[in-house]
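Following: one structure in structure tokens, then a few remarks.
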């Protein structure tokens, strides 16, 4: 089975799982959304896959020859392993997913609709790539002047011309609302772009998600759930390797050109530096949403994705490692590597 087929299967499983979430439960049979329809939704990107390698398949043991003396079979004692206790997490909702299988490992209030803050931007990014690819040159609109002063910014100036790829660095690293708004008005009207975001969520079967802006700023009718965002994150992981690579970038300097100034961008995601194996995905915070994170992490050849919504201010980066440690412990991957 090819790697792309495995990813498609994982996404199909996780979409099914959102309707039957349970703690470490077996995955339910997938809905009729098959690999063909999922593939049709993806826009391939010509870039080397930056994701960590999965654990290699075990080599088959050699078969004993007829003259080999086989050892005496000794019965094993009954298993005595105790259930692994879940950590106490202070957040409004969380979901933990095995990225290699698409199976939900743990969830709390996963299907409840809440303000998603800048986790919204994973859909902004996917739709932008769907519509324009990575190398399209777009003009920064004057409308970015209307963003709230306390927004997160890439630092764009109206009239500059930048590529979609450069704007996506601003979206994922600085969580730039100016970059998200520029993408939303680049080739279509802002309202049409937002309609495309909602259409993409609908095609993925997300029933607790609705967007009214491309930034994640609090607004009436703008909401999602931890489970829906997990499905969106898994779909991005499987179908948009360029976005995975951009989100994994700790910092980058985009040099000045004749069309724009220099941009020195630093990733807001502290876990890229403090939790070994972390390679994404998106941060978020607003007064209504509180602390929000989608985190992807790899250890011992296994990959996890976790979504945390509504963490009290300043606590999300301390709580997410407990969620990931629990997930890797469930998978039998211990201990956590020492941070460099």
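Values as computed for the structure displayed
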quantity	calculated
Boolean, residue 164 is without any contact (Cβ under 8 Å) to a residue 40 or more places away in the chain, surrounded by fewer than 19 Cβ atoms within 10 Å (Cβ to Cβ) and either more than 18 Å from the chain's Cα centre (by Cα) or under 15 Å from residue 243 (Cβ atoms) (or both)	no
Residues satisfying the stated conditions in the range 250-277, i.e. touching a strand residue (DSSP E or B) at 6+ places or on another chain (Cβ under 7 Å), within 16 Å of residue 318 (Cβ to Cβ) and touching a residue at least 40 places away in the same chain (Cβ under 8 Å)	268, 271, 275
Residue that is part of a loop (DSSP other than H, G, I, E, B) and over 15 Å from residue 216 (Cβ atoms), where the choices are 195, 186	186
Selected residue (criterion: surrounded by the fewest Cβ atoms within 10 Å (Cβ to Cβ)) from residues of the range 319-336 that are touching a helix residue (DSSP H, G or I) at 6+ places or on another chain (Cβ under 8 Å) and modelled with pLDDT under 95	334
Strands (runs of 3 or more DSSP E) wholly inside the range 248-312 that include at least 1 residues being under 20 Å from residue 113 (Cα atoms) and in contact with a helix residue (DSSP H, G or I) (Cβ under 6 Å, 6 or more places away or on another chain)	278-286, 290-299, 302-311
Selection count where residues are more than 24 Å from residue 251 (Cα to Cα) and surrounded by fewer than 22 Cβ atoms within 10 Å (Cβ to Cβ), scope the range 281-309	5
Which numbered condition residue 229 misses (of (1) under 20 Å from residue 107 (Cα atoms); (2) in a loop (DSSP other than H, G, I, E, B))	(2)
Residue within the range 139-160 that is assigned to a helix (DSSP H, G or I), in contact with a strand residue (DSSP E or B) (Cβ under 6 Å, 6 or more places away or on another chain) and at negative phi present	no
Condition met for residue 201 (closer than 19 Å to residue 293 by Cα and in contact with a strand residue (DSSP E or B) (Cβ under 8 Å, 6 or more places away or on another chain))	yes
Residue list for the range 211-236, restricted to those being touching a helix residue (DSSP H, G or I) at 6+ places or on another chain (Cβ under 7 Å) and free of Cβ contacts under 8 Å to residues at least 40 places away in the same chain	212
Single unsatisfied condition, residue 215 versus (1) assigned to a loop (DSSP other than H, G, I, E, B); (2) farther than 29 Å from residue 104 by Cα	(2)
Filter pass, residue 268 being surrounded by fewer than 20 Cβ atoms within 10 Å (Cβ to Cβ) and within 29 Å of residue 157 (Cα to Cα)	yes
Residues of the range 132-141 that turn out to be closer than 15 Å to residue 179 by Cβ and either surrounded by fewer than 18 Cβ atoms within 10 Å (Cβ to Cβ) or at pLDDT below 95 (or both), as a count	3
Residue 318 vs. criteria assigned to a helix (DSSP H, G or I) and without any contact (Cβ under 8 Å) to a residue 24 or more places away in the chain	yes
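One line per residue, one yes/no per condition, for (1) at pLDDT 50 or above; (2) surrounded by 19 or more Cβ atoms within 10 Å (Cβ to Cβ); (3) within 18 Å of the chain's Cα centre (by Cα):
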{"site": "75", "(1), (2), (3)": "no, no, no"}
{"site": "82", "(1), (2), (3)": "yes, no, no"}
{"site": "95", "(1), (2), (3)": "yes, yes, yes"}
{"site": "104", "(1), (2), (3)": "yes, yes, yes"}
{"site": "111", "(1), (2), (3)": "yes, no, yes"}
{"site": "120", "(1), (2), (3)": "yes, yes, yes"}
{"site": "126", "(1), (2), (3)": "yes, yes, yes"}
{"site": "129", "(1), (2), (3)": "yes, yes, yes"}
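The values are calculated or read from the model by the stated rules, or taken from the named source; none is laboratory data. What you see is a predicted model; the values in this text were computed from it and never measured. Every residue, glycine among them, receives a Cβ derived from its backbone with ideal geometry; neighbour counts consider all protein chains shown.
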